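All of the numbers you see were taken from the coordinates with simple rules; none came from a lab. Nothing here was measured: the structure is a model prediction, and the numbers come from that model. When we count neighbours, we look across all protein chains shown, and the Cβ atoms used for this are built from the backbone with ideal geometry, even at glycine.
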Amino acid sequence: MSGRTKKRIVGKISWGPRKSHLKENGASSNKMHPSVYHALVVIFLEFFAWGLLTAPMIDVLNETFPNHTFLMNGLIQGVKGMLSFLAAPLIGALSDVWGRKPFLLLTVSFTCAPIPLMKLSPMWYFTMISLSGIFAVTFSVVFAYVADITTEEDRSQAYGLVSATFAASLVTSPAIGAYLGHMYSDNFVVWLATAIAVLDILFILVFIPESLPEKVRPSSWGSPISWEKVDPFSSLRKMSHDYLILLLCITVFLSYLPEAGEYSCFFVYLRLIMLFTEEEVAVFIAVVGVLSVIAQTVILALLMKYLGHKKSIVFGLLFETVQLACFGFGSQDWIMWTGGAVAAMSSITYPAISAFVSAHAEADQQGVAQGVVTGIRGLCNGLGPALFGFIFYLFHVDLNETTNVDTSKVKTLNASASHTHKDSIIPGPPFAFGTVLVIIAMLVAINIPDSPHPKKTGVSKAALQLHQSMEQGLRSDKEDVQPLMAVSEEEVL
């Protein structure tokens, strides 16, 4: 592909769909056009606000729950994740009917609602974090928004931009939050994050145009919505009737379960077990964020172009395995930094899977499709932190042993204060367990069809026969259950 052509594609993705794409989907050319940039701003502001609170949140967590901090953190994040799992299919299905903008506003508002409570009332803060999981599914709505305005060939690159923006929001925000906390106070950081969250909400209200094509919307808001679409357990049952979605969801579950647990505690682990200072944690996040931006834009685009969806997913899982092994078995700072660099490469897995699912779904099923994947991630967000917290508890990894260490003497006290954990054979037991899960996920991903349209493209006869035989067997069941992502007769022909 020439440089001029590549530049035109990037511009098309960034600024919005082509006029022909708008016309095909029934969108008016006179209105302000939705673009990927709108989604990027929403994601950046939301997670930049939360990134500012990285250092204050660790302190508040440890002060509020001085005993078994890891375990309580896991339970809080676990409740949030379970509620997200239950709500994601409903939010996705409703956004397919009523549009993306109302649910962008709803999800961002509820996700950011706990921020001002951090210093006002820590217990209410953690309670609201748990309850905010009901609407903490911004990514599923954003990915559906992007799917509405991009073509299939451009979608993986657009998803990569969204994921890269998420990483970019964490490049500087933790360092800025830590610096402002030292210069002023943690209260100042909390109110700054609150102001940014309010700005995000105002941006959605004023500047975000609706992306859902008019021709796929119902004639009225009173149109009925099937309970089968919004029941999360129904979605789980239907996955078994769609071979491709089933394999992808198993891959998401096995790979994101350890990732969710890692996100919930890793920075606390670096700070209080590996004895990183606040500044070192902020720099670590910034470096990993920069590398993740590069991975999810440049590298993901190249992988999708030359390797395709399936191999890109396997590539990301391979790096996630190495990353978790570094965190699980490493006891030196340089191993943590190596694992962080590898973690940036593993960040391509989720946008690659989301692009695969989106390509497999019809235009009027994008919200449901992304809702199912986000629901699986929500389930992992519920189980992962609780699992990691419980494993830390079983192995007697207690934050209280190092929370009172003077950060100016970290290097001097490193050998004595953390001898019990850092010098053990497996310093990070949950990360080592996660390595095994991701290896299994990689074995599952190898069996994923090479194309999101196995009936439409030249796949191997054996794979096609397996896919067809499974669908025929399922159709013969007494219970008449449709596949989650139905394939039209025109596509088969």
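Model label points for residue 426 and residue 37, set 7 angstrom from Cα along the Cα-to-Cβ axis, are 5.0 nm apart. Going from the fewest other Cβ atoms within 10 Å to the most, the residues 162, 298 appear in the order 298, 162. Here the spin labels are modelled as points 7 Å beyond Cα on the Cα-Cβ line, and at residue 151 and residue 131 they lie 4.7 nm apart. Between residue 184 and residue 277, the simple spin-label model (points 7 angstrom out along Cα→Cβ) gives 2.3 nm. Cβ crowding within 10 Å, taken as a proxy for footprinting-reagent exposure, orders 265, 112 from fewest neighbours to most as 112, 265.
With neighbours defined as other Cβ atoms within 10 Å of a residue's Cβ, the residues 143, 203, 44 order from fewest to most as 203, 44, 143.
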